[in-house]
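One structure is given below, encoded as C-alpha cells.
The values are calculated or read from the model by the stated rules, or taken from the named source; none is laboratory data. Predicted model, so just to flag it, every value in this text is computed and none were measured. Note that each Cβ is placed from the backbone with ideal geometry, even for glycine, and that neighbours are counted across all protein chains shown. Note: accessible area is taken over every heavy atom of the protein model, side chains too, but ligands, DNA and RNA are not part of it. Shrake-Rupley method; radii C 1.70, N 1.55, O 1.52, S 1.80 Å.
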Amino acid sequence: MQLFYNPSVESHQKTIGFDKEESTHIFKVLRKKEGDILHVTNGLGFLFTCEITHSNPQKCVAEILETKTAATPNFHLHIAIAPTKMNERLEWFLEKATEIGISEITPIFCDHSERKIIKQERLEKVLIAAMKQSLHLYLPKLNEGILYNEFIKKPFDGLKLIAHCEESNKKSLKEIAQPQTNTLILIGPEGDFSTKEIQTALAHQFTPVSLGNTRLRTETAALVACHSIVFLNE
C-alpha cells in the first residue's frame, strides 16, 4: 500500500482534492488514472480509501469510498532535543522516531548547543515522508525551536525526565518508565546539558535518568529513549 498525505481532509468529506505538486506526482510519476485506488491519511489517525475520478497534473480529485480510524495511542511521548551540529543527524532522528511512533518533538536551544537555528519546513517534510513510508496514520507534532529556560517552565501532565551524562544518582530509563503514561524526555546537545540546566530541571520536578552505560550521540540517545517508551507500550 502506498500512503498519501492530505492534512485538510476531514472525516465527513465525500471527495479529496490534491494540490498541484501531489497531483503531478500521482499523474506523471505514478501514472495513476481514473478508477485507480489511492490510500490517504490526514495525519490524525484516519485512513481514506479513495477512487480517482479526475486525473490531471494540475488537479487530481478522488471519491472517498471508505474511512477507517486507527486506534488512539494510550500514551503521549514528547521528546525535547537539542538540535545537532549536523542537520542530517537531527533529520535522521526525526525520520526514525516517526517510524517508531513518537507523538511530539520540540527542538530546544541549550547552553552548549552548537546550532541555534533550524529549518522548520524542511523538518516537517522529513516527518511527512517518514509517516507515509512507514504507513503511520498519525503525524508527530513538531514544535518550533525554543530556549531551554523557556521550555522547562511549560506545564506537562505526566512523567518528566532528563537524560544527562553527569555523575549523579540516576536510575535507568527502564526502571522509571511506565506504560500508558504521558512522558516528556529532555535530550541535550553534544556537550551535554550544563550543570545549571540540570539543576533547573530538577527544580521543575524532572527526574534524571540513564540511557545505558555508554556515551551516546544526541540523536542516538533520543532514539533509544523513543524506542524504549514505545516498546514498553506495545
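Considering only residues of region 54-73 that are of a type in the set (Gly, Ala, Ser) and closer than 17 Å to Gly101 by Cα, which is surrounded by the most Cβ atoms within 10 Å (Cβ to Cβ)? Show your work before the answer.
Here is the first cut: in region 54-73, the residues of a type in the set (Gly, Ala, Ser) are 55, 62, 70-71.
Now restrict to residues that are closer than 17 Å to Gly101 by Cα: 70-71.
Values: Ala70: 13, Ala71: 7.
Here the residue is Ala70.
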**Asked** Can Glu114 be described as more than 18 Å from Ala221 (Cα to Cα) and of a type in the set (Asp, Glu)?
**Response** no
**Message:** Looking for something in contact (Cβ under 8 Å) with a residue 24 or more places away in the chain and of a type in the set (Phe, Trp, Tyr) - is there at least one such residue anywhere in region 210-233?
**Reply:** no
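Can you tell me which of Glu104, Glu91, Glu51, Glu22 is at pLDDT 90 or above, farther than 30 Å from Gly191 by Cβ and surrounded by 13 or more Cβ atoms within 10 Å (Cβ to Cβ)? Working first, answer last.
Values: Glu104 fails: farther than 30 Å from Gly191 by Cβ; Glu91 fails: farther than 30 Å from Gly191 by Cβ; Glu22 fails: at pLDDT 90 or above.
Matching residue, one of Glu104, Glu91, Glu51, Glu22: Glu51.
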**Item:** Failed item in (1) at positive phi; (2) open to solvent by 30 Å² or more (accessible area, probe 1.4 Å), with Gly43 passing the rest
**Value:** (2)
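Are any of the residues in region 137-160 within 20 Å of Asp192 (Cβ to Cβ), in contact with an Asp or Glu (Cβ under 7 Å, 6 or more places away or on another chain) and among the acidic types (Asp, Glu)?
Step one: of region 137-160, the residues within 20 Å of Asp192 (Cβ to Cβ) are 145-152, 160.
Okay, now just the ones that are also in contact with an Asp or Glu (Cβ under 7 Å, 6 or more places away or on another chain), so 148.
Restricting the remaining residues to those that are among the acidic types (Asp, Glu) gives none.
Checking region 137-160: not a single residue is within 20 Å of Asp192 (Cβ to Cβ), in contact with an Asp or Glu (Cβ under 7 Å, 6 or more places away or on another chain) and among the acidic types (Asp, Glu).
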**Asked** When both residues are 6+ apart or on different chains and their Cβ atoms are under 7 Å apart, which pairs have a first residue that lies in region 64-93 and is over 18 Å from Lys119 (Cα atoms), and a second that is open to solvent by 10 Å² or more (accessible area, probe 1.4 Å) and in a helix (DSSP H, G or I)?
**Response** Leu77/Val230
**Request:** Answer yes if at least one residue in region 193-216 is more than 21 Å from the chain's Cα centre (by Cα), farther than 24 Å from Leu147 by Cβ and open to solvent by less than 50 Å² (accessible area, probe 1.4 Å), and no otherwise.
**Result:** yes
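State the number of residues belonging to region 1-57 that are in a strand (DSSP E or B) and out of contact with any helix residue (DSSP H, G or I) (no Cβ under 6 Å at 6 or more places or on another chain).
Result for region 1-57: 19.
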**Request:** Look at Leu147 and say whether it is open to solvent by 30 Å² or more (accessible area, probe 1.4 Å), of a type outside the set (Gly, Ala, Ser) and at pLDDT 95 or above.
**Result:** yes
